[in-house]
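The values are calculated or read from the model by the stated rules, or taken from the named source; none is laboratory data. Note that this is a predicted model, so its numbers are computed, not measured. Note that each Cβ is placed from the backbone with ideal geometry, even for glycine, and that neighbours are counted across all protein chains shown. Areas reflect the complete protein model, heavy atoms only, side chains present, ligands, DNA and RNA absent. Shrake-Rupley method; radii C 1.70, N 1.55, O 1.52, S 1.80 Å.
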Amino acid sequence: MSGEKNSNQMWGGRFASGPDAVMEAINASIDYDRVLYREDIEGSLAHAEMLAAQNIISKDDHEAIAEGLKAIEKEIENGTFAFSRRLEDIHMNIEARLAALIGPAAGRLHTGRSRNDQVALDFRLWVKRELMRIDGALKTLIEAFLARADDHAETYLPGFTHLQTAQPVTFGHHCMAYVEMFGRDRSRVTDCIARLDESPLGAAALAGTSLPIDRHMTAEKLGFREPTRNSLDTVSDRDFALEFLSLAAICGVHLSRLAEEIVIWSTPQFGFIRLSDAFSTGSSIMPQKKNPDAAELIRAKTGRLNGALITLLTVMKGLPLAYSKDMQEDKEAVFDAAETLDLMIAAMTGMVSDMEVRVDRMAAAAGAGFATATDLADWLVREVNLPFRQAHHITGRAVALAEERNVDLADLPLADLQAIDPAITEDVYHVLTVESCAKARTSYGGTAPDNVRQQIASWRERLGDET
C-alpha cells in the first residue's frame, strides 16, 4: 500500500530499520484484529469531532480526517484495502492509509490519545455489540423452548437423578428448565454490558492527557453511559473480556448439557425424540444409523469456550499496571469464543425447533422404574399420618415385592399392599398413575401442567415487556 514504505518512520529512532521476520510475526496482530476496523474508525470519528469542538484541531483538519476515514471504511468493505503486517495492527494500518489519503492532517488525529486507550475502546465496542447479538440469539432459543413447552405441558416422561428413573415430570417442565438456564445466561449478558458500558477513549497511554479534551462528549457519541474514571485501570482492564468469556463458557455448559440429553434421547434405547436430517448425518458403513452430529459438536465445542477463558485468565494473572503487550493475546480467544457460541446457539435453536417429540415413547418410559414410589410414600404421610421415614420403609417393601413379581406398583393387588400395611386402602391407586403423580406436583416451581402453563405465560410476558 502507498503508506507502507514510510511505516517505520512512525516509530523513528532505533526502530527505523524495521523488525525482522520473527519479530514481525510475533508482534503483528493485523491478521485477526482487522475485524475491529468499524469500531476503530467509529472511535476515530468521534475523537476527531471532539478535538475540533474543543478547538484542539481545526475544522478543516477535522473534515479532512472524517472524509478520509469514511473512504477507508468503504475500501475495507469493498475488499480493496491492502492490509500490511509490517504495520502491526488495525490502528496503524488505518492511520497509515489516512496519511496517504489526506497528508499531514492525518497526524493530528492521534492528538490526546494512545494506542492503549484506542485498542481498549475498539475492543469494548466490539464485545458490547457481540453481547447484544448473543442476547438476541438466546432470546430466540428461549422462545423456541417456550413453544415446545406449550405443546407438551401434559406430555409425560421420566425425570432422572443420577440418570436413573426418579419421578414422572412433564416434557414442558423439562423444557422450562432450559428456559431458566438460558434466562440466567441472558442476565449475565445484561450485567456484563452494564459493567463495560464506560468509554476508555481519552485515558491515553496510562495517565490521561494535558490537552483540554472532553471525554464525556466522546463517551456519549459512542453510545457509552459514561467515561472510565481511572486512566491506569482503563488501559490495563480486560475484565469485560473475561466476563464475556466467563458467560460464554457457562452458556456453553448449558448448551452441552442439553446436547448430551439430545444425544441420549435420540438413541433407539430411549427413542424420546427424532432429529431431522438437517441436524443429523448418516454412517458411511451402517445404513440404519442416524447420528446426532450437531448435538455432539455442540458438546465438544464447549471445550473451546472453556479454553478461551483459561487462556485470558492466564494472560492477565501476573500483569503489573498499566498496559503490557501480553494483552494483545486477548482478542483471538474472544473472537473465536464469540464465533463458536453464535454457532452453538444457532444450531441448538434449530434442533429444538424441528425435532420430533415421540410422546408415546416418553409416556411408556414415564412409569417405568417404579417412578410413582414417592407418591405412595406421600400418600401414607398424608392419608395415614405416618412419619415419612416409616412411609419410606413401607414403600420400599412394596417396591421390592413389585420388582420380585416383575409388575408396576399399580399392578400389586390391594391385599398384598395391606399385608405390608393394613392402613392402605383402595384410594392409593389414584396416586399411582404417572398422570396423577405429575399433576399432584403443584408446589411453586413443580412439574404440574398448570404450573408449566403459568411459567410459560410469565416468561412470555417478560419477553414481551422487552419490546
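Take Val384 and tell me if it is in contact (Cβ under 8 Å) with a residue 40 or more places away in the chain, out of contact with any helix residue (DSSP H, G or I) (no Cβ under 7 Å at 6 or more places or on another chain), more than 30 Å from Asp150 (Cβ to Cβ) and surrounded by 14 or more Cβ atoms within 10 Å (Cβ to Cβ).
Yes, satisfied.
State all residues of the stretch 89-136 that are of a type in the set (Gly, Ala, Ser) and open to solvent by less than 30 Å² (accessible area, probe 1.4 Å); if no residue qualifies, say none.
Listed by number, the residues that qualify are Ala96, Gly103, Ala105, Ala106, Gly112, Ser114, Ala120.
Here are Leu211, Leu163: which of them is at positive phi and surrounded by fewer than 17 Cβ atoms within 10 Å (Cβ to Cβ)?
After applying the criteria, what remains is Leu163.
Condition first: over 20 Å from Ala166 (Cα atoms), open to solvent by 40 Å² or more (accessible area, probe 1.4 Å), of a type in the set (Asp, Glu) and part of a loop (DSSP other than H, G, I, E, B). Now tell me which residues in the stretch 387-428 satisfy that.
Hits for the stretch 387-428: nothing passes.
Could you pull out the residue among Arg184, Arg225, Arg148, Arg195 that is basic (Lys, Arg) and crowded, with 18+ Cβ neighbours inside 10 Å?
Step by step, each of Arg184, Arg225, Arg148, Arg195 is checked, and only Arg148 is basic (Lys, Arg) and crowded, with 18+ Cβ neighbours inside 10 Å.
Please pick out the residue among Thr442, Thr447, Thr433 that is within 30 Å of Thr140 (Cα to Cα), open to solvent by 50 Å² or more (accessible area, probe 1.4 Å) and of a type in the set (S, T, N, Q).
Testing whether each residue is within 30 Å of Thr140 (Cα to Cα), open to solvent by 50 Å² or more (accessible area, probe 1.4 Å) and of a type in the set (S, T, N, Q) leaves just Thr442.
What residue, among those in the stretch 300-349 that are more than 14 Å from the chain's Cα centre (by Cα) and either of a type in the set (Ser, Thr, Tyr) or farther than 20 Å from Ala120 by Cβ (or both), is most open to solvent (accessible area, probe 1.4 Å)?
Ile310
Determine whether Glu260 is over 19 Å from the mean Cα position of the chain (by Cα) and either without any contact (Cβ under 8 Å) to a residue 40 or more places away in the chain or open to solvent by 50 Å² or more (accessible area, probe 1.4 Å) (or both).
Taking the combined requirement at face value, the residue does not satisfy it.
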